[in-house]
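Peer 1: Sharing a structure with you now.
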Amino acid sequence: MLNQIKVPITEELAEVSELTNVAEPVVANSIDNSKAYLQEPLVKKQINTSGKTATIIGAIAATAAIIEIAIISGLIFQRDLDKSLALTEKWTVAEVIGGDTMLVRQTNGNRMLVRLCGINARESSVAAAKKLQSLVAAAQNQVMIIPVKKDTDEYMIAEVMAKGSGEAEISFQEELLKGGLTKISNSGVECPNRIAFENAQRIGKSSQVGVWRQVK
């Protein structure tokens with residue numbers, strides 16, 4: 001009786017065992033697949049994070065480079081400005097000789113013949129001389145000179161200006177050009193404020209004054 005019972009039980013256990021053995025790899029595979037599924041977004045997230053980090057680092061490096069360039073440019077500009085200020089000399093006008101020439105002196109007795117840089121007042125020398133005298137008088141004969149170079153006549157070619165109201169400075173060359181009392185000279189001498197002179201001449205031309213009165 002017992003032997004008859006054991007056989008089916010054994011067979012049933014064998015079937016259960018087979019089912020268990022089959023189930024184990026299925027469960028294991030399911031777990032592994034779940035891990036892979038969970039890990040895949042993490043890997044993608046890590047890649048995305050790395051890409052964003054690289055982009056941020058690149059942006060920071062580019063910004064630092066721009067700031068460095070700006071600082072260097074500012075230092076160069078300041079150096080050039082300081083150089084111009086160092087070259088600026090204060091003089092007293094002793095005499096206006098012509099529309100673009102004058103004699104200046106300093107308190108120590110130094111004298112210098114000056115020709116205004118970048119302009120030629122030959123076409124309206126009388127009117128230009130009167131305007132130059134009025135500019136000198138308004139400045140109480142005190143002018144600032146930026147020397148450029150000496151010409152063959154021993155005149156110092158220079159930019160001449162005076163202090164205006166407040167911190168503003170009045171360029172004698174620009175005032176003569178705006179009034180059409182002189183033209184820009186193409187002597188080959190590079191004046192520090194050549195662009196400002198060109199703008200001033202455009203104003204004189206558009207106003208049709210002085211030497212530009214008959215020009216159409």
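The values are calculated or read from the model by the stated rules, or taken from the named source; none is laboratory data. Quick caveat, the model's predicted, so the values are computed rather than measured. Cβ atoms come from the backbone with ideal geometry, glycine included; neighbour counts cover every protein chain shown. All accessible areas refer to the heavy atoms of the entire protein, side chains included, with ligands and DNA or RNA removed. Shrake-Rupley method; radii C 1.70, N 1.55, O 1.52, S 1.80 Å.
Peer 1: Out of curiosity, is Ile203 part of a helix (DSSP H, G or I), closer than 22 Å to Ser134 by Cα and either without any contact (Cβ under 8 Å) to a residue 24 or more places away in the chain or open to solvent by 60 Å² or more (accessible area, probe 1.4 Å) (or both)?
Peer 2: Details: part of a helix (DSSP H, G or I): yes; closer than 22 Å to Ser134 by Cα: yes; either without any contact (Cβ under 8 Å) to a residue 24 or more places away in the chain or open to solvent by 60 Å² or more (accessible area, probe 1.4 Å) (or both): yes.
Against the criterion (part of a helix (DSSP H, G or I), closer than 22 Å to Ser134 by Cα and either without any contact (Cβ under 8 Å) to a residue 24 or more places away in the chain or open to solvent by 60 Å² or more (accessible area, probe 1.4 Å) (or both)), Ile203 qualifies.
Peer 1: Could you tell me which numbered condition Asp100 fails, if it satisfies all but one of (1) under 38 Å from the mean Cα position of the chain (by Cα); (2) over 20 Å from Asp153 (Cα atoms); (3) buried (at least 17 other Cβ atoms within 10 Å of the Cβ)?
Peer 2: (2)
Peer 1: Can I ask one more? Does Gly109 satisfy being assigned to a loop (DSSP other than H, G, I, E, B) and more than 25 Å from Gly210 (Cα to Cα)?
Peer 2: Yes; evaluated as a whole, the condition is true for this residue.
Peer 1: Tell me, yes or no, whether the range 103-116 has at least one residue that is modelled with pLDDT under 90, out of contact with any Ser or Thr (no Cβ under 6 Å at 6 or more places or on another chain) and either within 22 Å of Asn186 (Cβ to Cβ) or surrounded by 14 or more Cβ atoms within 10 Å (Cβ to Cβ) (or both).
Peer 2: Scanning the range 103-116, I find no residue that is modelled with pLDDT under 90, out of contact with any Ser or Thr (no Cβ under 6 Å at 6 or more places or on another chain) and either within 22 Å of Asn186 (Cβ to Cβ) or surrounded by 14 or more Cβ atoms within 10 Å (Cβ to Cβ) (or both), so the answer is no.
Peer 1: Listed residues Ala94, Ala59, Ala70; which is surrounded by 10 or more Cβ atoms within 10 Å (Cβ to Cβ), farther than 30 Å from Glu123 by Cα and at pLDDT 65 or above?
Peer 2: Ala59
Peer 1: Of all the residues that make up the range 157-200, how many are open to solvent by less than 30 Å² (accessible area, probe 1.4 Å), under 27 Å from the mean Cα position of the chain (by Cα) and not aliphatic (A, V, I, L, M)?
Peer 2: Total satisfying the criteria: 5.
Peer 1: Please go through the range 171-200 and pick out each residue that is more than 16 Å from Ala128 (Cα to Cα) and either of a type in the set (A, V, I, L, M, F, W, C) or touching a Pro at 6+ places or on another chain (Cβ under 7 Å) (or both).
Peer 2: Of everything in the range 171-200, those that are more than 16 Å from Ala128 (Cα to Cα) and either of a type in the set (A, V, I, L, M, F, W, C) or touching a Pro at 6+ places or on another chain (Cβ under 7 Å) (or both) turn out to be Val189, Cys191, Ile195, Ala196.
Peer 1: Oh, and also: Of everything in the range 163-185, what is part of a strand (DSSP E or B) and under 18 Å from Gly98 (Cα atoms)? Give them in sequence order.
Peer 2: Of everything in the range 163-185, those that are part of a strand (DSSP E or B) and under 18 Å from Gly98 (Cα atoms) turn out to be Ser171, Lys183, Ile184.
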